[in-house]
1. Let me check I have the definition right: for the stretch 385-453, take the eigenvalues of the Cα gyration tensor, multiply each by 5, take square roots. What are those semi-axes in whole Å, largest first?
2. Any idea what % of Cα-Cα pairs in the stretch 413-453 are farther than 12 Å?
3. One-quarter of the Cα convex hull surface for the stretch 421-528, in nm²?
4. VAL129 accessible area, nearest 10 Å², 1.4 Å probe?
5. Given a 1.4 Å probe and heavy atoms of the protein chains only, how would you sort GLU321, GLU539, GLU311, largest accessible area at the top?
6. For TYR436 and ARG523, FRET efficiency with R0 = 30 Å and r from the beta-carbon atoms, rounded to 0.05?
7. Can you compute the FRET efficiency between ALA411 and HIS158 using 1/(1 + (r/R0)^6), with r the Cβ-Cβ distance and R0 = 35 Å? Round to the nearest 0.05.
8. Ignoring solvent entirely, what values of log10 I(q)/I(0) come out of the Debye formula for the stretch 467-559 at 0.17, 0.20, 0.23 Å⁻¹ when each Cα is a single scatterer?
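The values are calculated or read from the model by the stated rules, or taken from the named source; none is laboratory data. Since the structure is predicted, the reported quantities are computational estimates derived from the model, not experimental observations. Using ideal geometry, Cβ is built from the backbone for each residue, glycine included, and neighbour counts are taken over all protein chains shown. SASA here: full protein model, heavy atoms, side chains in, ligands and nucleic acids out. Shrake-Rupley method; radii C 1.70, N 1.55, O 1.52, S 1.80 Å.
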Amino acid sequence: MKHGKQRLIGGVLLAAVLAGPLQAQDQPESQRGEIRDTEFIIRKDRVLTLPKQSRVFENSPALPPVSTTPNYTYEVTNYFLPLAPVALETQPFQKDFPRPETDQTMGIAKLGFGNYASPLIQLDLFPQVDPELSYGLHLKHQGYYTGPVDGENSAETHTRVRLTGSMYKDIVEIYGKFGYERDTYHFYGYTPQPETQVLADTIRQVFHTIRTQVGIRRIEQTEPFNYGASLSLRLFDDRYEAQETEALVNANVGFRANENLNGGIESLLAFTSPRDVNYESITRNYFKLHPYAQYIREGLQVKIGANVVHENDIVPNKLKEFYVFPTVFLSYHLLPEFGIYGRYAGDVNRTTYYDFVQENPFLGPSEQLRNAIQNFQVDAGISGKVNDLVNYRLGFKYGDFTNLHFFGNNAMDSTRFQLIYDNNTKVLEYHGTVNYTYDNAYRLDASLHYYQYTLDDIASAWHRPEWEAHINNSFTPDEHWTIHANLHAMGGIRAINLASDTERRLDPLLDLHLHADYAFTRRFSAFVKGNNLLNQRYERFNYYPVRTIQVLGGIGFKF
């Protein structure tokens, strides 16, 4: 009976379990998150009871005490061994690394000779034995011991000696220079006469120049603050009575606020003491201060500054000794191929007797030396770059000058020249330049200038050209050849002979130069130079024809 009830209850439970899934299949599936109706039954008559448990009140047994001061005994045995300590001698391992072959050389020497008895000797030394110290030596002598008029009476020689050195200390470079120059000319601007012999020694002119310079400058020019200063001395004299000493102090500071804005101050202090037949014990002082600020950004460049000058020349038409001239430069490139630029500036252009004889070596005694006052000058035009190969600039200049200098044959000796000054000169210049570079194998530099003068006291711009052109070509067809072909042209020069009060217009000059250099090896080469290859007997200065075709060849060494 008991077993029968158990079977009956088991069957009912089984049927309930099987019926649950079947009913769930018939009902629709509820959506996720749905709240369904549910009944909760709370039974208050249910009571939870736990059986009683007896509590333990017996204390834990006490453990035996632990001793904190145990006694330990150690036995130490000393062993004395009669052995000396081992001495180890160490030495770093050294390996010889061969110095790599480079093209760096310690010096260059050239030897050559050409017609007009023209030797060439040149030596350049620039050893680099210390990374913190560099120095160099330059020696050159080139002579033309015969010339276009009366052989040795028109000879010309040039000798140069120059020493340079630099010492690099942390962020600055301390440098120095020393040089000596000797230039020999002859006053051959005369017409040879068969019955009259002119001795070369009686018309020889010799210039001696000694110059030295010491200075300091910051090595890294990209720093926010830069500076530099130098002291220069020059002694000059000729074979007659002209002498000139000069001391120059240059100092400049610059700042860079950011990549677009920079500025600075440049200064020059000069003390010059010339002496000649017509004057002596003259001290010409000159001080110039040039502050400026510059802004560059995206094709725009603006530079604003001033030229503040004080000079003490005593001249008849002088109005003041202190000058303040504004300077402005502006350029803007809409595209790299095209842009415009403009410049306005006034200045006092400092001149010395040495500067004049470098321009005209046949200068004789002068009445007075004057600085040229540039009251203003405007320079404007267009410029650009085409295909990263061609750079061009076209523009004009217009300026107003006081005491601009010119040259005329001397009133006492027509074989020499004297300075002529104009009280007020206006100069209009049209100019254009083109630069072209092709694959480092060819380079062209060409320029053309045309001048118009409006004069005050004199009739013409004596010995200044009306136009001039320069075309320079450089070829490097391979690693052996280097070729230069240059053409210089000038015309419209008018000359005046103050001794005879006559004027003449000089023929245009056209001078073609050629220089070819062939390197047989990395150390040995040969060269040939040709001057005035069109065989023009032109005159740059009145009565002074130049040498016609001249060819000079030689060899060069690198060591």
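1. So the equivalent ellipsoid measures 38, 18, 7 Å along its semi-axes.
2. 75
3. That works out to 10.0 nm², a quarter of the Cα hull's surface.
4. Surface accessible to solvent at VAL129 totals approximately 100 Å².
5. Result of the area sort, largest leading: GLU321, GLU539, GLU311.
6. 0.40
7. That gives a FRET efficiency of 0.75.
8. Taken in order of the listed q values, log10 I(q)/I(0) reads -0.80, -0.96, -1.11.
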